[in-house]
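Before we start, here is the structure in question, set down as structure tokens.
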Amino acid sequence: MAPPAAIRWLAVVSSVLLFQLITPSTAIYCDEDDCYDLLGVTQSANSSEIKKAYYKLSLKHHPDKNPDPESKKLFVKIANAYEILKDEASREQYDYAIAHPEEVFYNTARYYQAYYGHKTDPRAVLVGLLLILSAFQYLNQWTRYNQAVDMVKKTPAYKNRLRALELERTGGTTNKKKSNRQMNKKVEEDLGSELELQINGAEQPSMWDLLGVRFILLPYTIGKLLLWCGCWFWRYNVRKAPYTWDDASYLTRRSLGAPIDGWRNLDESRKEDLIHKRLWEKANLESYLADMRKESKRRR
């Protein structure tokens, strides 16, 4: 059986949907009134007739001409109806809503798109979206980094490094009374700030990695990539020069599908061995993968 809170939530949602279904889709334009009736014209009236009817009614109900509060309310409705009917696009949407009152959600979406769409600069929307996404990205990176740091600080290896640093700063002498208890928290924080923690998968956040900054630097990045591709083509496809160590390393990593961080953490001798195998050549890569599969089966 569903909990009471869920039942209440479903009841609220159902009420909202029911209200949307029983409310005429034209009500978002002129409330419960008909825009044409407010101006005293028919649906087939042209723009000139609509304009003439509005000016005639505005002379009668404008607050400067008629101080009656009810007349003022009526003038607001008349002005709103004229704003809707004077524009061909909004009038076409209103006529569609009259002809298709059952399409409540579609008519509502068209109204708000027309009302807010032209008032919003797409560039401002893009900038705002990039700022919001970059802020969330930065906060997420800091959260992950702080969590990783807290986990590392609980490991014996980190505490051993702290003790070694403390011995180095004190010249190899420690207080015997302190040696049998935990290190003072303030001292631990001071020493910890001197240790550079390199945590794979949770590096300290950088502004250069944010989505907004990367988007701004996109033209530069594309230009740099095109230049790199041109130099690569000229050096290795035209001049047939041998691969440099860095380029051979890149080809090897790409052939193995290894992530950048994983490749950086490999032992240098292991990297050198893989690069000498020339795994960017298809035959060499297939032979290497076959050997790896055989080795894996042998270990099982």
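The values are calculated or read from the model by the stated rules, or taken from the named source; none is laboratory data. Everything numeric here is computed off the predicted structure, so don't read it as measured data. Backbone-built Cβ (ideal geometry, glycine too); neighbour counts: all protein chains shown. The area values use the complete protein model at the heavy-atom level, side chains included, leaving out ligands, DNA and RNA. Shrake-Rupley method; radii C 1.70, N 1.55, O 1.52, S 1.80 Å.
If R₀ is 22 angstrom, what is the calculated FRET efficiency for the pair LYS86 and LYS65, using the beta carbon separation as r and rounding to 0.05?
0.60
Shifting gears a bit: So how much slack lies between LYS52 and THR244, counting 0.36 nm per residue of separation and subtracting their Cα-Cα distance, in nm? Show your work: numbers first, answer last.
Details: separation 192, 0.36 × 192 = 69.12 nm, distance 8.05 nm.
Answer, rounded to one decimal: 61.1 nm.
Could you give P(r) for the range 23-170, binned at 5 Å from zero, as whole percent values over all Cα-Cα pairs?
1, 8, 12, 11, 10, 8, 7, 5, 5, 4, 4, 4, 4, 3, 3, 4, 3, 2, 1, 0
From zero outward in steps of 5 Å, how is the percent of C-alpha pairs of the range 242-299 spread across the bins?
4, 19, 27, 25, 18, 5, 1, 0
Leaving out ligands, DNA and RNA, what percent of the accessible area of the range 222-289 is carbon and sulfur, probe 1.4 Å? Write out the running numbers ahead of the final one.
Values: 2790 of 4930 Å².
On the range 222-289, the fraction of accessible area on carbon and sulfur atoms equals 57 percent.
Residue by residue, what Karplus-based ³J(HN,Hα) values in Hz, rounded to whole numbers, does the range 50-57 have, using 6.51, -1.76 and 1.60 with θ = phi - 60° and x for Gly and Pro?
5, 5, 5, 5, 5, 5, 5, 6
Further question: Please find the FRET efficiency linking GLN147 to LEU167, where r is the Cβ-Cβ separation and R0 is fixed at 51 Å, and quote it to the nearest 0.05.
With R0 = 51 Å, the Cβ-Cβ based efficiency is 0.95.
Still on this model: Probe of 1.4 angstrom, ligands and nucleic acids ignored: what's the accessible area per residue over the range 35-116, in square angstrom?
Values: 5270 Å² over 82 residues.
With all protein chains present, the range 35-116 gives 64 Å² per residue.
Among LYS52/LYS73; LYS271/LYS294; LYS240/LYS294; LYS52/LYS77; LYS224/LYS271, which pairs are too far apart, with a Cα-Cα distance over 23 Å? Numbers along the way, then the final one.
On the way: LYS52/LYS73 20 Å; LYS271/LYS294 21 Å; LYS240/LYS294 35 Å; LYS52/LYS77 16 Å; LYS224/LYS271 27 Å.
Exceeds cut-off: LYS240/LYS294; LYS224/LYS271.
At 1.4 Å probe size, with no ligands or nucleic acids counted, give the accessible surface of LYS240 in Å², nearest ten.
Answer for LYS240: close to 150 Å² accessible.
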